[in-house]
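Peer 1: Pasting a structure here, questions to come.
What follows is calculated from the coordinates using simple rules that are stated; it is not laboratory data. Since this is a predicted model, take the numbers as computed values, not measurements. When we count neighbours, we look across all protein chains shown, and the Cβ atoms used for this are built from the backbone with ideal geometry, even at glycine.
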Amino acid sequence: MTQYDYDLFTIGAGSGGVRASRYAARLGARVAVAEERYLGGTCVNVGCIPKKLFSYAAHYGEDISHAEGYGWRVARPAFDWPALVANKNREIERLNDVYAKLLTGAGVALLDGRATLVDAHTVELGGRRISARYILIATGGWPLVPSVSGAEHAISSNEAFHLSQLPRRALVVGGGYIAVEFTSIFHGLGVDTTLVYRGERLIKEFDADLGVFLAGQMQNKGVRILFRSNIKCIERAAPETGCALQVTLADGMSLATDCVMYATGRAPNTRGLGLESAGVNLAENGAVLVDANFQSSVPSIYAVGDVIDRVLLTPVALAEGMIVAESLFGDSGRSLDYENIPTAIFSNPNVGTVGMSEAKARERHGEIDVFRTTFGSLRHQLTGSGEKVLMKLVVDKKTERVLGVHMVGPDAGEIIQGFAVALKCGATKRQFDATIGIHPTIAEEFVTLREAV
Ligand SMILES: Cc1cc2nc3c(=O)[nH]c(=O)nc-3n(C[C@H](O)[C@H](O)[C@H](O)COP(=O)(O)OP(=O)(O)OC[C@H]3O[C@@H](n4cnc5c(N)ncnc54)[C@H](O)[C@@H]3O)c2cc1C
């Protein structure tokens with residue numbers, strides 16, 4: 001008889017929790033995972049997947065109008081929001097099912113309900129106490145909506161996926177990737193969209209050129225962006241105005257809209273979990289503090305994913321979960337390298353980036369070379385869209401190593417994924433130059449940039 005009910009008890013069946021649980025079970029551990037809301041977590045239900053499906057939907061609208069330049073005559077297209085939501089829901093249900101099968105197929109016990117921590121080796125779920133040698137906190141994050149007057153009329157990304165009606169006008173608040181993605185989604189679906197951002201540069205954690213260029217492209221497509229702006233209050237509009245909400249900005253400007261969506265950050269999901277009383281140290285924002293092995297201040301308790309507030313991306317949560325499973329039940333002492341994590345933003349146009357921004361490279365490496373080009377792609381020569389592409393390489397002058405690859409343009413995520421491998425391998429500019437391009441593509445520009453700016 002072993003001392004504990006399970007070797008590993010995971011709280012949260014999102015990206016990190018599912019991956020850790022499956023791998024631990026595969027390595028022979030007796031594993032249970034508790035999920036209170038939806039299998040697959042944020043990514044599958046209210047994150048990456050439904051967001052990308054909505055983004056595809058939004059792009060179709062533009063593609064249809066661009067097709068004219070290629071000789072297609074299309075009758076005025078009509079968009080059916082309930083059909084998109086229903087089809088998206090069907091796909092998510094399919095994925096929920098896939099996750100259930102992955103877990104049960106690996107021998108993981110799947111427990112429905114909210115789990116809380118009792119002590120270093122015990123959780124409580126539905127009035128039942130369950131013991132485990134190790135406990136993994138993988139409870140993710142939750143959107144933050146600031147407490148402005150009338151905030152109860154606003155939604156977050158969670159609700160945006162389930163709106164019963166597509167608003168005629170929408171106001172998105174924020175300057176990060178979720179804000180620009182939803183602005184592009186609403187705009188692409190025909191919604192009159194305004195982005196309100198208190199800062200001066202969108203997606204400010206990335207290379208400065210990306211945010212500036214993206215804002216210009218979005219504005220050219222008809223998105224209204226109000227920089228250095230913030231909401232003071234949101235009120236229900238009078239019925240005769242024909243819109244649902246009246247928004248007053250800090251500078252006194254008043255805007256009529258049907259939907260206000262806050263995308264102003266996310267908080268680690270640790271409230272009421274019982275972590276503090278079990279002795280787990282938390283950061284000020286509630287994130288679980290862990291070491292390089294994802295171990296918390298209580299040796300039997302680990303945490304991965306958004307709840308540790310390092311890099312809030314699904315592939316990172318997956319990698320962290322895998323490392324925990326391997327280090328607890330396998331023989332590897334692998335750690336995670338957080339350098340050169342590629343990422344994409346599914347705005348319109350897309351953004352893809354890996355490695356250091358120009359500013360970070362200057363700070364760390366001193367002398368650098370920057371290669372940059374902006375151009376209209378071949379595709380848009382016939383569409384008349386005027387959309388431009390930005391491509392940029394940041395190179396260490398001394399070693400010639402490519403430190404950063406950045407792009408705003410179609411399929412930027414697909415393109416940057418390959419260059420992320422090159423950066424991981426330490427590729428130099430000389431090796432980029434020696435690579436033959438694929439013609440005619442946008443991506444070939446990355447291997448034909450010759451003149452530093
Ligand atoms: C709108 C949006 C778009 C995104 N787009 C992308 C993208 O394009 N690419 C990308 O890489 N990342 C994207 N992300 C981020 C990505 O979704 C997260 O980084 C990822 O889901 C984190 O995984 P996780 O396992 O840490 O947490 P989650 O996936 O959030 O899973 C946590 C799970 O724990 C459950 N839970 C919480 N508390 C308890 C409890 N006490 N008991 C039982 N269960 C509990 C929750 O219900 C949830 O299912 C996006 C996020 C959002 C919000």
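Peer 1: For each of SER15, SER157, SER229, SER147, count neighbouring Cβ atoms within 10 Å of the residue's Cβ, then give the residues from fewest to most.
Peer 2: SER147, SER229, SER157, SER15
Peer 1: Using a Förster distance of 25 Å, how high is the FRET efficiency between LEU289 and ASP337, based on the Cβ-Cβ distance and rounded to 0.05?
Peer 2: Calculated transfer efficiency: 0.80.
Peer 1: Put one equal scatterer on each alpha carbon of the chain, apply the Debye formula with no solvent term, and list log10 I(q)/I(0) at q = 0.09, 0.14 1/Å to two decimals.
Peer 2: One equal scatterer on each Cα of the chain leads to -0.68, -1.36.
Peer 1: So what is the calculated 222 nm ellipticity per residue for the chain, using -39500 (n - 2.57) for each DSSP H run with n of 4 or more, over all residues, to the nearest 500 deg cm²/dmol?
Peer 2: Counting only the DSSP helices, I get -9500 deg cm²/dmol.
Peer 1: Exactly which chymotrypsin sites (Phe, Trp or Tyr not before Pro) in region 209-267 are in a DSSP loop and have at most 14 other Cβ atoms within 10 Å?
Peer 2: Filter output for region 209-267: PHE227.
Peer 1: How many Å³ per residue does the convex hull of the Cα positions in region 258-302 occupy? It would help to have the intermediate numbers written out before the result.
Peer 2: Working: hull volume 4.5 nm³, N = 45.
In region 258-302, the Cα convex hull volume per residue is 99 Å³.
Peer 1: To make sure I understand, if each residue's beta carbon is the centre and we count other beta carbons within 10 Å, what order do THR441, THR314, THR116, THR10 fall in, fewest to most?
Peer 2: THR441, THR116, THR314, THR10
Peer 1: Sticking with this one: Hey, what did the chain get for relative contact order, percent, Cα under 8 Å, at least 6 apart?
Peer 2: On the way: 950 pairs, mean separation 72.1, N = 453.
Once normalised by length, the contact order is 16 percent.
Peer 1: Once R0 is set to 51 Å, what does the formula 1/(1 + (r/R0)^6) return for the Cβ-Cβ distance between VAL453 and ASP119, expressed as a FRET efficiency to the nearest 0.05?
Peer 2: 0.30
Peer 1: Could you compute the FRET efficiency for TYR60 and ARG201, with r as their C-beta to C-beta distance and R0 at 25 Å, rounded to 0.05?
Peer 2: 0.25
Peer 1: Right, next: May I have the extent of the alpha carbons of region 30-81 along their three principal axes, as whole Å values ordered from largest to smallest?
Peer 2: Dimensions of region 30-81 along the principal axes of its Cα atoms: 61, 19, 12 Å.
Peer 1: Right, another one. Evaluated at 25 °C with a viscosity of 0.890 mPa s, what Stokes-Einstein diffusion coefficient in µm²/s does region 139-293 have when Rh comes from the Kirkwood expression over alpha-carbon pairs?
Peer 2: 145 µm²/s
Peer 1: In addition: If you rank PHE206, PHE375, PHE294 by fewest surrounding Cβ atoms within 10 Å, what's the result?
Peer 2: Ranking PHE206, PHE375, PHE294 by Cβ neighbours within 10 Å, fewest first, gives PHE375, PHE206, PHE294.
Peer 1: Hey, another quick one. Extending each Cα 7 Å along its Cβ direction at LYS52 and THR374, get the distance between those two points in nm, one decimal.
Peer 2: Each label point is offset 7 Å from its Cα along the Cβ direction, giving 2.9 nm.
Peer 1: Let me ask something else. Using alpha carbon centroids, what distance separates region 335-405 and region 209-285, in Å?
Peer 2: 27 Å
Peer 1: Restricting attention to region 378-440, which trypsin sites (Lys or Arg not before Pro) occupy a DSSP loop and are surrounded by at most 16 other Cβ atoms within 10 Å?
Peer 2: The qualifying sites are LYS397, LYS398.
Peer 1: Extension gain LYS232-GLU363, at 0.36 nm per residue separation less the Cα-Cα distance, in nm?
Peer 2: Here the segment from LYS232 to GLU363 would lengthen by 43.4 nm.
Peer 1: Subtracting the Cα-Cα distance from 0.36 nm times the residue separation, let me have the gained length for THR435 to LEU382 in nm, one decimal.
Peer 2: Difference between extended and current length: 16.2 nm.
Peer 1: At 0.36 nm per residue, and after removing the present C-alpha to C-alpha distance, how many nm does the segment from ARG271 to VAL421 gain when stretched out fully?
Peer 2: Difference between extended and current length: 50.2 nm.
Peer 1: So which GluC sites (Glu not before Pro) in region 360-453 are both in a DSSP loop and have at most 16 other Cβ atoms within 10 Å of their Cβ?
Peer 2: GLU367, GLU400, GLU451
Peer 1: While we're on this one: Using the Cβ atoms and a cut-off under 10 Å, what net charge is assigned to the surroundings of ALA29, where Lys and Arg are +1 and Asp and Glu are -1?
Peer 2: Summing Lys and Arg as +1 and Asp and Glu as -1 gives +2.
Peer 1: Using all Cα-Cα distances in region 257-389, what percent lands in each 10 angstrom bin from 0 up to the longest?
Peer 2: Bin by bin from 0 Å, the calculated values are 9, 26, 27, 22, 12, 4, 0.
Peer 1: Using a simple charge model, +1 on the beta-carbon of Lys and Arg, -1 on the beta-carbon of Asp and Glu, nothing else, what dipole does the chain show about its Cα centre, in debye to the nearest 20?
Peer 2: So the dipole magnitude of the chain works out to roughly 280 debye.
Peer 1: For SER147, put the label point 7 Å out on the Cα→Cβ axis and report which residues of region 159-202 keep their amide N under 18 Å from it.
Peer 2: So the set is empty, nothing qualifies.
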